[in-house]
Amino acid sequence: MDSDSGSRCWCLRLPRRQRRTGAVQTNTEVRGPQEKSGEVIVVGGSAAGFFAAARVARGGKRVRVLESKPSLEPASRTLIVTNHFRSQLGALAGESIVNEIRRFELFTDGRSAQITLARPDLIIERARLISALAHEAQQAGATVSFDTRFLGLSSNARGLRVEADSGGRREELHADSVVGADGAASRVARAAGWPAVETVPLVQAIVRLPKDCPPDTTRVWFVPDDTPYFYWLIPESSERAALGIIGENGRDTARCLTRFIEKRQMEPIEWQGARIPVYRRWVPVRRRMGRGDVYLVGDAAAQVKVSTVGGVVTGLRGALGVAESILGNGASRELLALRRELCTHWLLRRTMHHFQQEDYSQLVDLLNAATCDTLKEITRDESTRLLWTVLRRQPRLILLGLGGLLLGRRPRQHAST
Ligand SMILES: Cc1cc2nc3c(=O)[nH]c(=O)nc-3n(C[C@H](O)[C@H](O)[C@H](O)COP(=O)(O)OP(=O)(O)OC[C@H]3O[C@@H](n4cnc5c(N)ncnc54)[C@H](O)[C@@H]3O)c2cc1C
């Protein structure tokens, strides 16, 4: 059964600025009541969704992106990604890069360590990234429906039946495959029977860049009394920076950040925040439902590096992997590599999650010149290589790590340390 109306309008509503400049092509399409087979519906028009849509459309499938927001006006956020982002996006990467980071400074309890990066990390603006990816998806042939909220999913003789609310009107759509790119609280995942992913709060404030912080340097503070994760200061320009924290409890996390900001006499200009998935184990990205396939990508599949809680590069990798699966009808090498990567980050997180102040002090002390050289050569998106090289060069980190892994106990001091 098809939906109520005889025609459907799939139109990309653009922000006024883009309507004026025509920066993004408008793709309006009117369809009759019958749906063609071989269609892929992507739920969620954000980084992972648009990236997957572009890849699948370029592979020859008909793709529709359903996005619940009324238009292409993604919330702006300052994000840090590794240089891997450039190889993922090619020329498109440049559209969202606002700054480059050449150095990390780690602080804990009066100690500090510095790591110089051989290949700079990139500071990107999320709203620009999503606009660029939306444009790319459209150029590849995907249609985008804003103000269209995915409601539910079931299988039927033709494949998958998708229920959506389109501007207050119920719609029924049909597809062979549905890709859930609808974030940490994925409704697609719930509808297809995946268990909910665990999330943690991430809060950051845009502040004026402190005078003593160079615009090419990211600062990280380990304060285990406040959070098992860390605080960061990421310059987005020579004027402004994002100061943030990941925590475990929403209210406490926001309170800790406010205190941290006050203590350093900074003034928040703007707040950004959301809940981020915590990767605990690989979430199988595909489920068969009757005669159709349902996939998850990005935050919906917890494709987030749980050591640093970065999800952009890994979400794009997940999207690429799912596109490979859809187009190749099977396994994807990208997904196998991503799984290994996410597992290594999970191991690192487990190791550090119960660190106490002494452990962090020891960690910063152990990040000696040899280790720092290693960190600068290899990016965080090659974590397995990074981990083994660091451990080979600084074996005392193994003891520290084992102490963290074994029920959160601190390592005993050995004669050699
Ligand atoms: C403040 C903050 C700072 C961060 N910093 C970093 C960082 O520095 N580096 C990094 O790598 N990562 C960072 N992250 C994490 C990163 O932003 C996410 O991992 C990534 O953006 C997830 O992208 P996504 O496309 O999977 O999901 P999302 O961006 O969450 O997109 C989901 C989309 O689905 C849509 N949607 C939801 N439900 C429906 C529905 N029912 N129907 C239709 N559409 C729906 C939403 O409107 C949204 O557009 C940060 C996150 C936050 C909140």
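The numbers here are math on the coordinates, done by the rules we state, and not lab data. Bear in mind the structure is a predicted one, so any value in this text is a computation, not a measurement. Methodologically, a virtual Cβ is constructed for each residue, glycine included, from the backbone with ideal geometry; neighbour enumeration extends over all protein chains shown.
What FRET efficiency would be calculated for the residue pair Q357, D216, taking the C-beta separation as r and a Förster radius of 30 Å, to the nearest 0.05? Approximately 0.55, to the nearest 0.05. The Cα atoms of the range 125-201 give a gyration tensor whose axes a ≥ b ≥ c have a/c of 1.5 or more with a/b no greater than b/c, which makes the shape oblate. Amide H contacts of L209: R240, A241, each under 5 Å away and 5 or more positions distant or on a separate chain (H built 1.01 Å from N in the peptide plane; Pro and chain starts excluded).
The simple Förster model, with R0 at 35 Å and r as the Cβ-Cβ distance, assigns D109 and L336 a FRET efficiency of 0.30. Backbone N atoms of the range 113-152 closer than 18 Å to the 7 Å Cα→Cβ label point of A91 belong to residues 129, 131-141. For K263, no aspartates and glutamates have a Cα closer than 13 Å to its Cα, not counting residues fewer than 8 places off in the same chain.
Just to verify a number: FRET efficiency for E163 and S71, C-beta to C-beta distance, R0 = 25 Å, to 0.05? E(calc), rounded to 0.05, equals 0.65. Loop-located trypsin sites (Lys or Arg not before Pro) across the range 268-310 with a Cβ neighbour count of 16 or fewer within 10 Å are R280, R281, R291, with loop assigned by DSSP. In terms of its C-alpha gyration tensor, the range 212-283 comes out prolate, because a/c is 1.5 or above and the ratio a/b outweighs b/c. Mean separation of Cα pairs under 8 Å and 6 or more residues apart, divided by the residue count, gives the range 197-340 a relative contact order of 22 percent. The order of C343, C256, going from fewest to most other C-beta atoms within 10 Å of their C-beta, is C343, C256.
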